[in-house]
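Rule-based calculations on the coordinates, nothing more; no lab input. If you're wondering where the values come from, they're calculated on a predicted model, not measured in any experiment. Methodologically, a virtual Cβ is constructed for each residue, glycine included, from the backbone with ideal geometry; neighbour enumeration extends over all protein chains shown.
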């Protein structure tokens, strides 16, 4: 019995490859999971070491390893 494997034709368009900063990566993840009860649950585990998220009623604070804080409005995530 002869086994035949089709090779997969996987093409990557270099123009579609994007390098994201940790901040933009976090914003995209938050936008994908907006509406879930624990919005930031699990997302910090996906960030590079040292980055943190802190969630309040209106904002999510993105905290850099050096202590710099950048707020993200939950309203912005829902309606960019």
*Name the shape class, rounded, prolate or oblate, that the alpha-carbon gyration tensor gives for region 40-80, where a ≥ b ≥ c are the square roots of its eigenvalues, rounded holds for a/c under 1.5, and otherwise prolate holds if a/b is larger than b/c and oblate otherwise.*
prolate
_Taking a virtual spin label 7 Å from the Cα of residue 22 along the C-beta vector, which residues in region 57-73 bring their backbone nitrogen under 15 Å of it?_
61-71
